Amino acid sequence: MKVYKFGGASVKDANAVRNLYSLIKDENSELIVVVSAMGKTTNRLEHIWEKCISQKQKNAIHELDKLSLFHSEIINNLNLSQDEKLDVKLKSYVNELKEIIKNYKNENHALIYDQIVSFGELFSTTIISHFLNQNGKNNTWLDARKLIVTSDHFQEARVNWDKSQKNIHESISNQGKVYITQGFIGANKDGQTTTLGREGSDYSAAILAWSVNANEVVIWKDVSGLLNADPKLFKETEQLFKISFKEAIELSYLGASVIHPKTIKPLQNKGIPLSIRSFLNDSQKGSVISNNGENDRDIPSFIFKPNQLLISISTKDYSFIFEDHISELFRLFAEVGLKVHLMQNSALNFSICGHIKTPLLPKLLSSLNEKYVVKYNEKVDLLSIRHYKDFELPEIVKNQEILIQQRSRSTIRYVFKK
Ligand code: ASP
């Protein structure tokens, strides 16, 4: 059994969906295909959620209509507009979403986020499943909310491995079939939709692979494999052809966006290799992440995370920042889904650089302000260089002010202000 994962860029329009078809049509072994939302759909659904929070329901509905149109155009281009079952299914999703938007009161923001944003994957997999069936690649569409059981941590749900594995075994028969399912989404024990964190579809692929003891996971991307820097930001990049699971975890912890940070652990635990390959050119070699760590230190990697929040916290009465403060602070961070990427502390001060969804920043600040003196900078940049050798600071951060610098034997990290 293999697991293929297709991200948003690989299903962004009708041609991309045809390309997905050509990549899987000759696969004869059992295959689970995990698909993200099409193109920028998740960002657009996030905007709809933000509109709901600021009580702009009409705008939210207007944006939803535009998003449905985007999907209808893809359906037309795929010659699926006569497919009545598809039409009924998608209309019912849109209506469900409209109801959520209209009935939105100032409830649990994170819960509603998951109810809204999860539709991106439901749209994409439904369309793709119908397209494949229409073109002779018979497949079974599976609702990931009936497979992946999670905690109630909306926006960043944790997986119940035993229950998920049981559901997956019951639904996936291992009989040479092709299954299509959604990345990123699951459900809690009460059946409420949850999400696994942005870019979480890689993680879904790993959960499924772990559950069925897959031979391999392939993540299809718009780059030839794992690169040592983001080619959109850095002029010269090199491919990391082979790295170990351990190295991949370190890189994704530093913020390398190639794979979702939680993806590696389940694969490592069962020794399932992960390949990253180009959906634009499947004859290219790709990169493989496995137990083999021989080449881990060959090439330095540059990981740049723009638009981070730098927040410095001190006590109001000049008392030291102790462990109990720190545990309280982390509880507050977890409550608002703040992802910590770097920490630094002194006797009186605790600073973190991380990412928070903008609408949740005021909530964090008001909880912190009750007890602490808080200073913060939005939109700082975080650069990490792993396995650094002699290097010059890359162009992208030249002439910026360095606010924090941290150096270990393997990694240098900087926080910059423009
Ligand atoms: N669609 C979700 C996102 O954009 C999950 C994913 O693509 O992995 O974050």
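How fast does segment 180-321 diffuse by Stokes-Einstein, in µm²/s, taking the Kirkwood radius from C-alpha pairs at 37 °C and 0.692 mPa s?
The calculation lands on 195 µm²/s.
A DSSP coil position with no more than 11 other Cβ atoms inside 10 Å describes the following trypsin sites (Lys or Arg not before Pro) in segment 63-165: LYS105. Derived from the Cα gyration tensor, the three semi-axes of the equivalent ellipsoid of segment 272-388 are 38, 17, 13 Å, largest first. The HN-Hα couplings worked out from phi for segment 151-163 by the Karplus form 6.51 cos²θ - 1.76 cosθ + 1.60 (θ = phi - 60°) are 6, 8, 6, 4, 6, 7, 6, 9, 8, 8, 5, 5, 5 Hz, whole numbers, x standing for Gly and Pro. For segment 117-255, what is the relative contact order in percent, using Cα pairs closer than 8 Å and at least 6 residues apart in sequence? Once divided by the residue count of segment 117-255, the mean separation gives 20 percent.
Its relative contact order, with pairs defined as Cα atoms under 8 Å and 6+ residues apart, puts segment 44-114 at 39 percent. With a ≥ b ≥ c taken as the square roots of the eigenvalues of the C-alpha gyration tensor of segment 64-142, please select rounded if a/c is under 1.5 and otherwise prolate if a/b is larger than b/c or oblate if it is not? Here segment 64-142 falls in the prolate category.
Mind listing which chymotrypsin sites (Phe, Trp or Tyr not before Pro) in segment 299-382 are in a DSSP loop and have 16 or fewer other Cβ atoms within 10 Å?
Those that pass, being in a loop and sparsely packed, are TYR318, PHE320, PHE322.
Taking a Cβ cut-off of under 11 Å around VAL380, the surrounding Lys, Arg, Asp and Glu residues balance to a net charge of +1, with basic ones at +1 and acidic ones at -1. The ranking of TYR113, TYR388, TYR104 by Cβ neighbour count inside 10 Å, starting from the fewest, reads TYR388, TYR104, TYR113.
As a test of the formula, what do you get for the chain when each DSSP H run with n ≥ 4 contributes -39,500 (n - 2.57) and the sum is divided by the residue count, at 222 nm and rounded to the nearest 500 deg cm²/dmol? Please list the in-between numbers first.
Numbers: 12 runs with 151 residues, N = 418.
One gets -11500 deg cm²/dmol as the mean residue ellipticity at 222 nm.
Between helix 245-254 and the chain there is an angle of about 60 degrees, using the helix long axis and the longest principal axis of the Cα atoms. Helix 201-212 axis versus longest C-alpha principal axis of the chain: approximately 60°, rounded to the nearest ten.
When you filter the GluC sites (Glu not before Pro) in segment 19-84 for DSSP loop state and at most 15 other Cβ atoms inside 10 Å of their Cβ, you are left with GLU27. May I ask for the angle, rounded to the nearest 10°, between helix 57-77 and the longest principal axis of the chain, with both axes built from Cα atoms and the value confined to 0 to 90°? Once rounded, the angle reads 50 degrees. Distances between placed amide hydrogens fall under 5 Å for LEU240 paired with LEU226, LEU227, ASN228, all partners being 5 or more residues away or on another chain. Our compactness index for the chain, the C-alpha radius of gyration over the empirical 2.2 N^0.38 Å, is 1.02. Ignoring lysines fewer than eight residues from LYS25 along the same chain, the ones with Cα atoms less than 24 angstrom from its Cα are LYS2, LYS5, LYS12, LYS85, LYS137, LYS177, LYS221, LYS285. Note: relative contact order over segment 162-212, using C-alpha pairs below 8 Å and six or more positions apart, is 39 percent. Electrostatic tally near PRO306: other residues with Cβ closer than 13 Å to its Cβ, Lys and Arg +1, Asp and Glu -1, net +2. With q set to 0.18, 0.21 Å⁻¹, the log10 of I(q)/I(0) for segment 1-153, from the Debye formula over equal scatterers at the Cα positions, is -1.10, -1.38.
Any read-out appearing in this document is the output of simple, stated calculations on the displayed coordinates, not a laboratory observation. If you're wondering where the values come from, they're calculated on a predicted model, not measured in any experiment. When we count neighbours, we look across all protein chains shown, and the Cβ atoms used for this are built from the backbone with ideal geometry, even at glycine.
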